[in-house]
Amino acid sequence: MLLTVIAVLMLLSCTCGENPAIQVTLTNKGLQYGKHEATDWVQKNLEDVTLPDITGEIDISVLGSIDYTLTSIRIIKCDLPEPSVEFYPDDTGFKTSVLGLSVALSGEWMTHYGIIHDRGSFDMAVFSVSVTSVVELGKNADGHLSVNSDSCDAQVGDVDMEFHGGASWIVQQFVNHFKDRIRGEIESRICPFVKEMIVNLDYHLQAMNVSFDVDQALTLDLSLTDFPFIDVSRLNLGFKGEFYNIKTHADPPFEAQPFTMPEQQGYMLSMGLSEFTLNSASYGFYSAGGFQVLINNSMIPPGSPVHLNTSLMGPFIPQLPKMFPGLLMDLQVYATEVPMFSFQPDAVKVHFQVAVKAFAIQPNGTQTPLFKLNVDSKFVSKVWISGGRAKGSVSMDNFTLMLAGSEVGPFQTDALEITAKMGINFALAKVNQKLGKGFDLPRMKHAQLVNSVLKMQEGFIALFSDAEVLLTDRRFNRQRDGLV
């Protein structure tokens with residue numbers, strides 16, 4: 001049960017002292033919700049649990065030793081009381097307790113006494129099972145989350161058995177001679193099983209990637225920056241959240257700044273995303289040769305009032321049609337600085353500095369340079385969550401166009417700037433139509449976010465949300481999964 005809670009948390013799953021760019025916090029509300037979902041899952045899947053055989057011998061003074069085997073043991077019914085799951089700051093982990101668990105089992109029995117073999121079926125009731133386990137969370141050298149069984153204690157109150165078939169009426173007479181042994185066998189196997197489960201979970205955690213290739217240019221590092229932090233009400237994990245250029249893997253010339261998630265009561269989990277993550281992606285893409293595009297006339301909509309033809313550029317550059325009449329043009333557009341994002345309490349702002357080089361395409365296909373423009377632009381975006389969908393809007397905050405150089409002589413850029421603004425605003429109107437309809441929130445494999453709220457802060461954006469676990473029909477078998 002505790003393992004399922006940790007697994008759910010990881011679906012949400014270095015150098016010490018490094019500031020995390022992404023923070024994920026699980027609150028006590030989320031922990032208790034995970035407990036209830038895990039309890040329901042256990043109840044629904046207990047019928048598919050196959051328990052290992054129990055073998056041994058009982059020494060009866062008059063008859064000597066009788067070898068026995070209990071096999072094909074199945075859980076028929078389980079009275080699973082409400083477990084207790086809590087954050088455990090003493091060991092930076094979780095403490096889980098189940099008290100008063102009772103289980104009804106059935107299976108087959110076999111006995112061997114000398115040359116006499118017998119077999120039949122049995123029913124078993126195990127009463128007052130109590131298990132307390134403490135799981136410690138940590139971080140390995142590669143930034144993986146690690147789990148370790150810190151302590152475990154299990155007690156079985158009593159066992160009652162009823163034998164059927166064969167010479168069961170004889171075997172039944174000796175139940176009191178070996179039920180304590182069986183009780184001890186069951187009791188001794190609980191904690192090793194719990195620890196083996198934790199070892200198996202840790203194995204899968206270490207096998208998980210903490211770095212992901214996003215595309216051919218960028219990779220994302222999501223390793224832990226420090227050990228998990230736990231107090232009595234929450235668990236906090238800090239992730240590096242940095243994009244790199246796949247080829248160079250060079251750090252950007254800026255660092256993630258520390259930020260503190262605001263208190264927001266009543267939610268299961270929260271996530272904070274620093275502007276550093278977006279800016280590292282921008283830097284990585286820029287250093288990989290991104291943020292540049294070649295625009296030709298075929299890319300201009302047919303209904304546009306402006307086309308890339310020298311003869312149509314007279315209203316903007318009077319001398320151009322005279323010097324190079326009737327030639328198509330290419331525009332080479334590229335960022336001159338890394339575009340930078342800034343998270344503000346009311347909006348996301350981004351600053352683009354761009355150069356535009358214009359060329360005339362000669363009849364033989366050669367390019368003749370015409371002029372170069374420098375563009376300084378700033379955009380403002382607002383984001384929010386409504387109806388379970390992420391929505392937003394983008395507007396232009398500033399657009400300045402300046403002549404940086406010209407092979408055709410000087411010219412005024414005011415008319416070009418006005419026309420460019422009109423084109424950008426037209427494009428933004430279409431973008432805002434899509435943003436206004438919104439996009440589904442990211443959905444994890446086994447959980448989805450509900451009742452989500454987005455809040456802009458200085459330097460980061462905070463998401464507060466509840467979650468719904470999507471239980472599957474996955475069955476569990478110790479022997480199949482190699483856990484016994």
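The values are calculated or read from the model by the stated rules, or taken from the named source; none is laboratory data. Computed from a prediction, not measured in an experiment: that's the story for all the values here. Cβ coordinates were reconstructed from backbone atoms using ideal geometry, including for glycine residues, and neighbour counts include every protein chain displayed. When the accessible area is computed, the model is the full protein with side chains, heavy atoms only, and any ligands, DNA or RNA have been set aside. Shrake-Rupley method; radii C 1.70, N 1.55, O 1.52, S 1.80 Å.
What's the number of the only condition in (1) at pLDDT 95 or above; (2) within 28 Å of Asp330 (Cβ to Cβ); (3) not polar (S, T, N, Q) that Ala288 fails to meet?
(1)
How many residues are open to solvent by less than 60 Å² (accessible area, probe 1.4 Å), closer than 23 Å to Glu407 by Cβ and either in contact with a His (Cβ under 7 Å, 6 or more places away or on another chain) or in a loop (DSSP other than H, G, I, E, B) (or both) if we restrict to the stretch 295-344?
Total meeting the criteria: 14.
Regarding Val126, is this residue open to solvent by less than 60 Å² (accessible area, probe 1.4 Å), within 39 Å of the chain's Cα centre (by Cα) and closer than 30 Å to Asp202 by Cβ?
Judged against the criteria, Val126 is not a match.
What number of residues in the stretch 305-347 are under 44 Å from the mean Cα position of the chain (by Cα) and not β-branched (Val, Ile, Thr)?
15
Residues are listed down the side, and each one gets a yes or a no for (1) in a loop (DSSP other than H, G, I, E, B); (2) of a type in the set (Ser, Thr, Tyr); (3) within 17 Å of Leu218 (Cβ to Cβ):
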{"residue": "Pro258", "(1), (2), (3)": "yes, no, no"}
{"residue": "Glu263", "(1), (2), (3)": "yes, no, no"}
{"residue": "Met271", "(1), (2), (3)": "no, no, no"}
{"residue": "Asn279", "(1), (2), (3)": "no, no, yes"}
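Taking only the stretch 106-153 into account, find how many residues are farther than 22 Å from Phe87 by Cβ and either assigned to a strand (DSSP E or B) or at pLDDT 95 or above (or both).
Adding up the residues that qualify gives 22.
Can you tell me which residue within the stretch 73-91, out of those that are of a type outside the set (A, V, I, L, M, F, W, C) and modelled with pLDDT under 90, is surrounded by the most Cβ atoms within 10 Å (Cβ to Cβ)?
Step one: filter the stretch 73-91 for residues of a type outside the set (A, V, I, L, M, F, W, C), giving 74, 77, 79, 81-84, 86, 88-91.
If we keep only those that are modelled with pLDDT under 90 too, we end up with 74, 77, 79, 81-83, 90-91.
Working: Arg74: 15, Lys77: 13, Asp79: 11, Pro81: 13, Glu82: 11, Pro83: 18, Asp90: 10, Asp91: 16.
The residue in question is Pro83.
Which residues, taken from the stretch 67-109, are within 22 Å of Asp158 (Cα to Cα) and aliphatic (A, V, I, L, M)?
Leu70, Ile73, Ile75, Ile76, Leu80, Val98, Leu99, Leu101, Val103, Ala104, Leu105, listed by residue number.
Only one residue in Val394, Val375 is open to solvent by less than 40 Å² (accessible area, probe 1.4 Å), farther than 30 Å from Pro321 by Cβ and in a strand (DSSP E or B). Which one? Before you say what the answer is, go through the steps one by one.
Numbers: Val375 fails: farther than 30 Å from Pro321 by Cβ.
Just a single option satisfies the conditions, and that option is Val394.
Looking only at the stretch 104-136, which residues are touching a Phe, Trp or Tyr at 6+ places or on another chain (Cβ under 8 Å) and among the hydrophobic types (A, V, I, L, M, F, W, C)? Reasoning before the result, please.
Keep residues of the stretch 104-136 that are touching a Phe, Trp or Tyr at 6+ places or on another chain (Cβ under 8 Å), which gives 106-112, 119-122, 134-135.
Matches in the stretch 104-136: Trp109, Met110, Phe122, Val134, Val135.
Test Val214 against the criterion of being closer than 30 Å to Ser381 by Cβ and among the β-branched types (Val, Ile, Thr), and give yes or no.
For Val214, the condition - closer than 30 Å to Ser381 by Cβ and among the β-branched types (Val, Ile, Thr) - is met.
Could you tell me whether any residue of the stretch 321-335 is under 29 Å from Lys139 (Cβ atoms) and basic (Lys, Arg)?
No: the stretch 321-335 contains no residue that is under 29 Å from Lys139 (Cβ atoms) and basic (Lys, Arg).
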